[in-house]
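Read through the structure below, which is laid out as structure tokens, and then see the notes.
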Amino acid sequence: APDAIGNEELLKRYANEAKALRAFGYYCLVTTFGEVPLITTPMQPAEILQIPRSPLEKVYECIVNDLTDASALPAKGDYSEDDAYRATRGFAKTMLAKTYMFKGDFTSAETVLHDIIEVDKDYTLLSDYNAVFDKANKNNQESILEVQYANDGSTDEWNRIPWNIIPKCSNNEVLMGIAGSNYVGAWPGGTAGGWNVPTDEMIQSYEKGDKRLEASIAVAEGTLDGDNFTFEEVKSPIGYTPAAGKDFRYFVKKYYHPPYTYSLRADDNFPVYRYSGALLLLSEALVKQGKNAEALPYINQVRERAGLKPLASVTLNDVMDEMRHELAFENKRWTDLIRNDQAIEKMTAFGKTMKALYPWILPSAFNVTKERFVYAFPRREMDINYLLEQNPGY
């Protein structure tokens, strides 16, 4: 960057920001694909296409080293509002703790999380869970990092998240404030709605009085004519029963803040890491070391903000349930299940429930094995790198 020429302090900061982002990229890769090619030095394109998979331990070593360096970054409060998107020491340390958790190094994870929560104190919980996701509170004091989106009509920095999560309906201008078909193919590349759908099982899993249910999930009530759903009113999921002659669709409410100004465009930020997640991750790290009593203050902070009574004792399942509801629809659940050896058990039970409700689901669905903890490498990657071996089971 031109502004860093001759400025050693700024150069070091930019280098650490780059390391934080490289570590985040590799963390996403290893948790999605397992062993991947590790590239840490400049290479020519032809060289990049001849790199075999690296052992997980080597990739994790790179991630840990990068994040250790990046932990020297400034705190969130040291940046201006215009720089809210930047990697900070809190982001680097949160990523480092998650990496240690996946490696099974709970002691190191505890140390890093203790720094975030008890030493650095860069973050606090907002008093209102619903306010965390309000567009007026972007990059709030609970936010460790958010994907930034804007929508001024002249940039391409918008997203389609709200249009994807609302139900497909014939009149979604009533839901959104402006018309925009979210049926497949309605937009170049397709903008399908109604796919990321909360299940009834998820709704029933919330404890009575949990404020996060109504903040996270809503009901679109209307009428159904064949496959054509016409929306009439947004309702609460708490104790919901459709009136006679009415049909309904559950949908994710966290990222739904109408009215929208531009068709099929939204500017809701997406959370990458939040302080409440760090509190729960520390609870998990402590429980896994047999320090259950020490975990209580951290999980109870999260529960009390949700309107729930504090726990008198805590188990790993308590922490997992809290993560499920606190971080619902924030793309954390799958890796949480894998990290805690619950993916096969939970998904098999969930599949049994779904198959009983919907007989059209194929028998092979929800057949989760350890090979399915990671995805297959895309065919394109296999074609251009002949040294890349496909994951087992694909």
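Computed quantities for the displayed model
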| read-out | value |
| --- | --- |
| Ala18 vs. criteria out of contact with any Gly (no Cβ under 6 Å at 6 or more places or on another chain), closer than 30 Å to Tyr79 by Cα and part of a helix (DSSP H, G or I) | yes |
| Residues located in the stretch 97-116, provided they are open to solvent by 10 Å² or more (accessible area, probe 1.4 Å) and assigned to a helix (DSSP H, G or I) | Lys98, Tyr100, Phe102, Lys103, Phe106, Thr107, Ser108, Glu110, Thr111, Val112, His114, Asp115 |
| Positions within the stretch 116-158 being over 20 Å from Tyr85 (Cβ atoms) and among the basic types (Lys, Arg), in sequence order | Lys121 |
| Residue that is farthest from Lys138 (Cα to Cα) [pool: residues in the stretch 60-90 that are in a loop (DSSP other than H, G, I, E, B) and open to solvent by 70 Å² or more (accessible area, probe 1.4 Å)] | Ala72 |
| The stretch 374-390 residues that are touching a residue at least 60 places away in the same chain (Cβ under 8 Å) and within 19 Å of Tyr27 (Cβ to Cβ), paired with ones that are open to solvent by less than 100 Å² (accessible area, probe 1.4 Å) and part of a loop (DSSP other than H, G, I, E, B) (beta carbon under 7 Å, 6 or more apart) | Val374/Gly34; Val374/Asn391; Phe377/Leu388; Phe377/Gln390; Phe377/Asn391 |
| Given (1) surrounded by fewer than 17 Cβ atoms within 10 Å (Cβ to Cβ); (2) among the polar types (S, T, N, Q); (3) modelled with pLDDT of 95 or more; (4) outside any helix (DSSP H, G or I), index of the condition Thr41 fails | (3) |
| Some residue of the stretch 123-145 being modelled with pLDDT under 95, more than 25 Å from Leu279 (Cα to Cα) and not charged (D, E, K, R) | no |
| Test: residue in the stretch 132-149 that is touching a Pro at 6+ places or on another chain (Cβ under 6 Å) and either among the basic types (Lys, Arg) or within 30 Å of Thr261 (Cβ to Cβ) (or both) | yes |
| Number of the exception - Lys355 against (1) basic (Lys, Arg); (2) without any contact (Cβ under 8 Å) to a residue 24 or more places away in the chain; (3) open to solvent by 100 Å² or more (accessible area, probe 1.4 Å) | (3) |
| Condition met for Ala192 (aliphatic (A, V, I, L, M) and out of contact with any helix residue (DSSP H, G or I) (no Cβ under 8 Å at 6 or more places or on another chain)) | no |
| Scope the stretch 358-385; condition open to solvent by 40 Å² or more (accessible area, probe 1.4 Å), under 15 Å from Glu345 (Cα atoms) and part of a loop (DSSP other than H, G, I, E, B); matching residues | Phe366, Asn367, Thr369 |
| One residue from Glu57, Glu17, Glu47 being open to solvent by 70 Å² or more (accessible area, probe 1.4 Å) and either over 23 Å from Val112 (Cβ atoms) or touching a residue at least 40 places away in the same chain (Cβ under 8 Å) (or both) | Glu47 |
| The lone exception for Ala72 - which of (1) under 28 Å from Pro258 (Cα atoms); (2) among the small types (Gly, Ala, Ser); (3) at pLDDT 95 or above it fails | (1) |
| Extreme residue, surrounded by the most Cβ atoms within 10 Å (Cβ to Cβ), among residues of the stretch 285-338 that are within 25 Å of Ile161 (Cα to Cα) and among the aliphatic types (A, V, I, L, M) | Met323 |
| Of residues in the stretch 339-352 being among the small types (Gly, Ala, Ser) and surrounded by 15 or more Cβ atoms within 10 Å (Cβ to Cβ), the one nearest to Gly393 (Cα to Cα) | Ala343 |
| Single match in Val36, Val59, Val64 (criterion: modelled with pLDDT of 95 or more, among the aliphatic types (A, V, I, L, M) and out of contact with any Ser or Thr (no Cβ under 9 Å at 6 or more places or on another chain)) | Val59 |
| Cβ pairs under 6 Å, 6+ apart, first in the stretch 230-251 and closer than 19 Å to Gly209 by Cα, second polar (S, T, N, Q) and exposed (fewer than 14 other Cβ atoms within 10 Å of the Cβ) | none |
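The values are calculated or read from the model by the stated rules, or taken from the named source; none is laboratory data. No experiment lies behind these values; they were computed from the predicted model shown. Cβ coordinates were reconstructed from backbone atoms using ideal geometry, including for glycine residues, and neighbour counts include every protein chain displayed. Note: areas computed on protein heavy atoms with side chains; ligands, DNA, RNA excluded. Shrake-Rupley method; radii C 1.70, N 1.55, O 1.52, S 1.80 Å.
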